[in-house]
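Everything on this sheet refers to the single structure shown next.
FYI, it's all coordinate maths here, none of it is from the lab. Everything numeric in this text was worked out from a predicted model, so none of it was measured. Every residue, glycine among them, receives a Cβ derived from its backbone with ideal geometry; neighbour counts consider all protein chains shown.
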Amino acid sequence: MIHIFLCDDDSSYLEYLSEIVDRFFRQNNIEAGIKTFTDGEKLLEEPEMADIVFLDVEMPGKSGIEVGRRIKEENPYALIFIVSFTEQYLDDAMDFQVFRYIEKASLPDRIERNLRDALVAYRNTNPKITIMQNGETIVCREADIVMIENQRRCVYVCTKDARYEVKGKLEDWEQKLNQVRFCKSHTSFLVNLDYVSRFTKNEIILAKGKYRAHISRRMYLEFCKKYEEYLRRG
C-alpha cells in the first residue's frame with residue numbers, strides 16, 4: 001500500500017484534492033491509504049511515514065515549506081508535492097528537493113501526469129523484499145523495514161507495521177539489503193538509517209520510539225561515521 005498525506009488548511013480544497021488523488025489510484029487499481037490534515041504540526045505528529053505528500057504552503061503555524069523540510073529529514077525517500085496559489089516559494093521548495101511544485105490553478109491539468117511520474121520514482125527507490133514466515137511469503141518494500149534483530153537464535157524482521165520471525169542469519173539480511181541504507185550497530189542488530197530518531201552510545205531509537213536497537217562499544221564510532229555520511233548524501 002502507498003501511504004499518502006494531504007495537508008491544507010482549507011478543508012473544502014482538501015476534500016477536493018483527496019477526491020482527485022483517490023480517483024487516480026482507484027482507476028489504476030493501486031491500493032492507497034490517504035490521510036488528510038488541516039494542520040502541518042498535526043501531520044508531523046503522525047507516527048506513520050508517508051510515501052507521497054501534498055502540502056499547501058501558507059498555513060497557520062508551520063508552513064508547508066517547514067513541514068516539507070521536516071518530512072525529508074525523517075524520510076529522504078518521501079515524494080513531496082508543494083501546492084500553492086503562487087510560485088514565490090519555488091526556490092525554498094527546491095532547497096529540500098521537492099518532487100513537484102504545482103500552482104493550484106493548474107492542478108487539474110497536471111495532477112495525473114505528475115502522479116504517474118511519482119509512481120515511477122516510488123517504484124525505483126522502493127525495491128520489494130520477500131519475507132518467509134511459517135510457510136507464508138510476505139512481500140514488503142525494503143524501505144518499510146526498520147531493523148533486523150537476532151534474538152535467541154531467531155531473526156526478526158521489524159517493519160513499520162509488523163514484526164516477523166524468519167529463518168536464517170543476520171548476515172544473510174546484511175547481504176540482501178541496501179548497504180547504504182542499512183547499517184550494523186551490534187552483532188544482533190541491523191538498522192535502517194532512515195528511521196533513526198536519536199541515539200546514544202548504547203542505544204538507537206527508531207521510528208519515533210517504536211523500536212530500539214543496541215549499539216556495541218566496538219561499533220559505535222563506525223556507526224556514527226556511516227550515519228553522518230548517510231545524512232550528507234541527502
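A few comments on the model shown:
- Helical runs assigned H by DSSP (4 residues or longer) give the chain a calculated mean residue ellipticity at 222 nm of -11000 deg cm²/dmol, each run adding -39500 (n - 2.57) before division by the residue total.
- Sparse-neighbourhood loop sites, chymotrypsin sites (Phe, Trp or Tyr not before Pro) in segment 1-81 - DSSP loop, at most 10 other Cβ within 10 angstrom: none
- Mean Cα-pair separation over length for segment 129-233, i.e. relative contact order, pairs under 8 Å, 6 or more apart, %: 18
- Legend: ranking of residues 214, 3, 186 from fewest to most surrounding C-beta atoms inside 10 Å; resulting order 214, 3, 186.
- Rounded to the nearest Hz, the phi-derived 3J(HN,Hα) couplings of segment 95-106 under the Karplus curve 6.51 cos²θ - 1.76 cosθ + 1.60 (θ = phi - 60°) are 4, 10, 6, 4, 6, 9, 10, 10, 6, 4, 5, 9, where x marks glycine and proline.
- Working note: Cα atoms of segment 129-233, range along each principal axis, descending, whole Å: 39, 28, 25.
- The GluC sites (Glu not before Pro) of segment 1-45 that DSSP puts in a loop, and whose beta carbon has at most 15 other beta carbons within 10 Å, are 31.
- With K and R counted +1 and D and E -1, the other residues having a Cβ less than 10 Å from that of residue 38 yield a net charge of -4.
- Database remark: amide H of residue 215 closer than 5 angstrom to the amide H of 203, 204 (H placed geometrically; neighbours at sequence offset of 5 or more, or on other chains; Pro and chain starts carry no H).
- Answer label for Cα extents along the principal axes in Å (calculated), chosen among [x] 57, 37, 35; [y] 62, 46, 39; [z] 57, 39, 25: [z]
- Spin-label model, residue 106 to residue 167: label points 7 Å out along the Cα-to-beta-carbon direction sit 5.6 nm apart.
- For the chain, the relative contact order works out to 11 percent when only alpha carbon pairs closer than 8 Å and six or more residues apart are counted.
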